[in-house]
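Peer 1: One structure, as structure tokens, below. Some questions next.
The values are calculated or read from the model by the stated rules, or taken from the named source; none is laboratory data. Just so it is clear, the structure is predicted and the values come from calculations on it, not from any experiment. No Cβ is skipped: glycine too gets one built from the backbone with ideal geometry, and neighbour counts run over all protein chains shown. For the accessible areas, the whole protein counts, side chains as well, though only heavy atoms, and no ligand, DNA or RNA atoms are used. Shrake-Rupley method; radii C 1.70, N 1.55, O 1.52, S 1.80 Å.
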Amino acid sequence: MLSAAIITGLGLGSMYALLALGFHITYIVSKTVNFAQGSAMMVGAVVAYTFCITWGFPYWVAFFITLIICAIYGLAIERFLVRPFASKGSEAWLMATVAGGILVDNLALFSFGKEPRQFVSEFAGLNVDIFNGNISALQIIIPLVGVAITVSLVLVGKYTRLGKVLQACVQNPQSAQLMGINVSRVVAISFAISTVFAAISGILIAPLFAVHSDMGTLFGLKAFAVAILGGIASAYGVFMAGLIFGLLEAIITIYFGSAFTQIITFSLVIVALAIKPNGLFGKNQEVKV
């Protein structure tokens with residue numbers, strides 16, 4: 001029973017981490033985040049369901065079309081909900097992204113319907129035996145995807161020209177602009193990447209959960225908690241915090257019941273942040289005087 005909980009927790013935790021990495025990528029580039037990240041996850045699941053199940057597209061075709069649509073969605077969020085406020089030094093983008101997410105959730109409610117639907121994919125019925133337990137192959141695939149994306153982010157940041165451009169935009173946007181780097185474009189791309197991460201998590205998790213218009217609400221909240229818990233500026237920390245959060249949820253559910261899962265999990269998050277305000281893997285920022 002414990003082994004099954006660990007596998008389930010790793011799968012859930014990796015999904016939270018994928019969503020949280022979306023918060024990470026926009027934060028390190030622009031010091032802003034997209035509070036409609038949960039809605040982006042829902043859009044990914046709903047669009048993939050529509051293309052794959054409703055219209056009969058092959059799974060992989062639906063997958064890539066969905067990523068393109070969600071990338072455009074991320075660009076729109078940055079352009080219309082974040083940039084107009086952030087460029088003026090206002091933090092109203094906080095409320096604008098929340099409102100944008102609510103708007104998208106309700107548009108999905110009216111167009112997709114309120115009844116949950118089962119997303120049957122080619123991986124949904126594929127099970128594997130691990131530690132005498134029969135689990136879905138997706139619960140193995142999701143952590144592998146999460147690890148691959150996290151490692152890719154770290155490698156891109158350290159060893160590629162794109163990584164150097166991102167670092168320049170983070171460290172000194174004005175100097176980066178003078179060097180010919182289009183900072184606005186880099187920020188927009190970070191939001192597109194953020195929503196693509198959310199779409200991937202939505203598509204992968206959809207066969208394990210019902211697809212519906214408000215499926216991303218709680219997931220988005222948990223992902224933000226994971227981002228803060230891990231130290232939002234660290235991709236490695238965010239991913240590890242996601243795994244820890246998922247494992248806690250799974251183990252608490254088994255031993256205490258689902259009624260106590262959120263109560264205990266978020267209480268532990270509060271305690272952890274009280275002890276480590278910069279996150280479990282975050283670093284204290286040095287202020288030069």
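Peer 1: Checking the condition of a type in the set (S, T, N, Q), modelled with pLDDT under 90 and more than 30 Å from Ser87 (Cα to Cα), which residue from Ser3, Ser14 passes?
Peer 2: Ser3
Peer 1: Are there any pairs, at least 6 apart or on different chains, whose C-beta atoms fall under 6 Å, with the first in region 104-117 and under 21 Å from Ala76 (Cα atoms) and the second open to solvent by 80 Å² or more (accessible area, probe 1.4 Å) and among the acidic types (Asp, Glu), and if so, which?
Peer 2: Pairs found: Asp105/Asp214.
Peer 1: Scanning region 144-188 for residues that are touching a residue at least 60 places away in the same chain (Cβ under 8 Å) and of a type in the set (Gly, Ala, Ser), which turns out farthest from Arg79 (Cα to Cα)?
Peer 2: In this case the residue turns out to be Gly146.
Peer 1: If I ask for residues that are of a type in the set (A, V, I, L, M) and open to solvent by 20 Å² or more (accessible area, probe 1.4 Å), which ones from region 211-232 would you list? Break it down into steps so the answer makes sense when it comes.
Peer 2: Going residue by residue through region 211-232, those that are of a type in the set (A, V, I, L, M) are 211, 215, 218, 221, 223, 225-229, 232.
Of everything in region 211-232, those that are of a type in the set (A, V, I, L, M) and open to solvent by 20 Å² or more (accessible area, probe 1.4 Å) turn out to be Leu218, Leu221, Ile228, Ile232.
Peer 1: Report yes if Leu208 is over 19 Å from Gly100 (Cβ atoms), open to solvent by 20 Å² or more (accessible area, probe 1.4 Å), in contact (Cβ under 8 Å) with a residue 60 or more places away in the chain and not small (Gly, Ala, Ser), otherwise no. It would help to see each step written out before you state the result.
Peer 2: Values: over 19 Å from Gly100 (Cβ atoms): yes; open to solvent by 20 Å² or more (accessible area, probe 1.4 Å): yes; in contact (Cβ under 8 Å) with a residue 60 or more places away in the chain: yes; not small (Gly, Ala, Ser): yes.
Yes; evaluated as a whole, the condition is true for this residue.
Peer 1: Could you check, for region 233-251, whether at least one of its residues is among the aromatic types (Phe, Trp, Tyr), touching a residue at least 60 places away in the same chain (Cβ under 8 Å), surrounded by fewer than 16 Cβ atoms within 10 Å (Cβ to Cβ) and closer than 14 Å to Gly13 by Cα?
Peer 2: Yes.
Peer 1: So for region 210-225 (the condition being part of a helix (DSSP H, G or I) and over 26 Å from Ile68 (Cα atoms)), does at least one residue qualify?
Peer 2: yes
Peer 1: Can you list residue pairs whose Cβ atoms sit under 6 Å apart, with the first residue in region 1-14 being under 19 Å from Ala198 (Cβ atoms) and the second being among the hydrophobic types (A, V, I, L, M, F, W, C) and surrounded by 24 or more Cβ atoms within 10 Å (Cβ to Cβ)? Count only pairs 6 or more apart in sequence or on different chains.
Peer 2: Here the result reads Gly11/Ile142; Gly13/Phe245; Ser14/Ile142, each pair linking region 1-14 to a residue that is among the hydrophobic types (A, V, I, L, M, F, W, C) and surrounded by 24 or more Cβ atoms within 10 Å (Cβ to Cβ).
Peer 1: Going through Ile135, Ile141 one at a time, which residue ends up being over 13 Å from the mean Cα position of the chain (by Cα), in contact (Cβ under 8 Å) with a residue 24 or more places away in the chain, assigned to a strand (DSSP E or B) and surrounded by 14 or more Cβ atoms within 10 Å (Cβ to Cβ)? Walk me through how you get there before you give the answer.
Peer 2: Numbers: Ile141 fails: assigned to a strand (DSSP E or B).
So the residue among Ile135, Ile141 that is over 13 Å from the mean Cα position of the chain (by Cα), in contact (Cβ under 8 Å) with a residue 24 or more places away in the chain, assigned to a strand (DSSP E or B) and surrounded by 14 or more Cβ atoms within 10 Å (Cβ to Cβ) is Ile135.
Peer 1: Moving on to the next point. For Ser258, indicate whether it is open to solvent by less than 70 Å² (accessible area, probe 1.4 Å) and of a type in the set (S, T, N, Q).
Peer 2: Working: open to solvent by less than 70 Å² (accessible area, probe 1.4 Å): no; of a type in the set (S, T, N, Q): yes.
When the stated conditions are applied, Ser258 does not pass them.
Peer 1: Suppose we keep only residues that are closer than 24 Å to Met215 by Cβ and among the polar types (S, T, N, Q) within region 85-108. Which one would you say is most open to solvent (accessible area, probe 1.4 Å)?
Peer 2: This residue is Asn106.
Peer 1: So, one more: What residue, of Ser152, Ser111, Ser194, Ser184, is open to solvent by less than 20 Å² (accessible area, probe 1.4 Å), of a type in the set (Gly, Ala, Ser), part of a helix (DSSP H, G or I) and at pLDDT 80 or above?
Peer 2: On the way: Ser152 fails: open to solvent by less than 20 Å² (accessible area, probe 1.4 Å); Ser111 fails: open to solvent by less than 20 Å² (accessible area, probe 1.4 Å); Ser184 fails: open to solvent by less than 20 Å² (accessible area, probe 1.4 Å).
Of the residues listed, the single one that is open to solvent by less than 20 Å² (accessible area, probe 1.4 Å), of a type in the set (Gly, Ala, Ser), part of a helix (DSSP H, G or I) and at pLDDT 80 or above is Ser194.
Peer 1: Out of curiosity, is Ser39 among the polar types (S, T, N, Q) and under 19 Å from Leu81 (Cα atoms)?
Peer 2: Yes, satisfied.
Peer 1: Still on this structure: Could you identify the single residue in Ala272, Ala223, Ala250, Ala210 that is touching a Lys or Arg at 6+ places or on another chain (Cβ under 8 Å) and not hydroxyl-bearing (Ser, Thr, Tyr)?
Peer 2: Ala210
Peer 1: Here's another thing I want to ask about it. Does Ala199 fit the bill of being surrounded by 19 or more Cβ atoms within 10 Å (Cβ to Cβ), small (Gly, Ala, Ser) and at pLDDT 90 or above?
Peer 2: Yes: the conditions hold for Ala199.
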